[in-house]
Amino acid sequence: MGFSLHFFNLGDGDVVDADRTGIEEFLTARDLHVEGEAGNSAIVDSSGQRLAFDGFWSDLHIDPLDQEDAVSGGIDHATLTASECAFIYGLCSAGRMMIVNPQGDPLYIVVGRTHSEDDVPEPDDTVWVESPEELANALGSGFGEFREFVQRVRATQDDLEAPRPDEP
């Protein structure tokens, strides 16, 4: 369970290609790359380990950068911890991708002035953010409530996995 976000580059109301060079440079600087094929790709490190934030794997994905179709990406179970939010902000800035929030309020989030008001289908349902913190704030209370829920679940899971005092 989680919030989903989609990353696209839009121009004149249509999906256009992301900045592949920007994405490649962003990932390479973090010793990461895209592995897999369209529809089944993952971001992994040089040892093949999936992308993780705060010790938990992420299903954040980007299309393979060598595909013919426009490159886009997303995350199906965003928790938007500070590190995940910083990565999403940096990736979308580098790839000149806006964030589409299917949960709405707002529906579109433009990071780092990568798009103009003319590029977004619904300017009234769009916010422009200049930092990962502004991104987290733009996503609002729905994510805040979800993040609190995830923290409670993780704390319960940690409690269940912790050895009991009467166990060796």
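The values are calculated or read from the model by the stated rules, or taken from the named source; none is laboratory data. All figures in this text were calculated on a predicted structure; none of them were measured in a lab. Cβ atoms come from the backbone with ideal geometry, glycine included; neighbour counts cover every protein chain shown. The area values use the complete protein model at the heavy-atom level, side chains included, leaving out ligands, DNA and RNA. Shrake-Rupley method; radii C 1.70, N 1.55, O 1.52, S 1.80 Å.
Close amide H contacts of Phe53 (hydrogens built in the peptide plane, cut-off under 5 Å, sequence separation of 5 or more or a different chain): Ser58. Can you bin every Cα-Cα distance in segment 1-149 into 10 Å intervals starting at zero and give me the percent of pairs per bin, rounded to whole numbers? Whole-percent P(r) values from 0 Å outward: 12, 45, 35, 8, 0. Placing a label point 7 Å from the Cα of His6 along the Cα-to-Cβ direction, the residues of segment 19-50 whose backbone N falls under 18 Å from that point are 19, 38-41. The accessible area of Glu37, taken with all protein chains in place and a 1.4 Å probe, comes to roughly 120 Å². How large a share of the accessible area of segment 1-65, in percent, is made up of carbon and sulfur atoms when the probe is 1.4 Å and the other protein chains stay in place? C and S atoms contribute 47 percent here. Spin-label model, Ser83 to Ala38: label points 7 Å out along the Cα-to-beta-carbon direction sit 3.3 nm apart. Take Cys85: with every protein chain present and a 1.4 Å probe, its accessible area is about 0 Å². Distance between the pseudo-spin-label points of Asp31 and Asp54 (7 Å out from Cα toward the beta carbon): 2.3 nm. Sorting Val127, Val100, Val44 by solvent-accessible area of protein heavy atoms yields Val127, Val100, Val44, largest first, with a 1.4 Å probe. Counting 0.36 nm for each residue step from Val153 to Glu134 and taking away their Cα separation leaves a gain of 4.3 nm.
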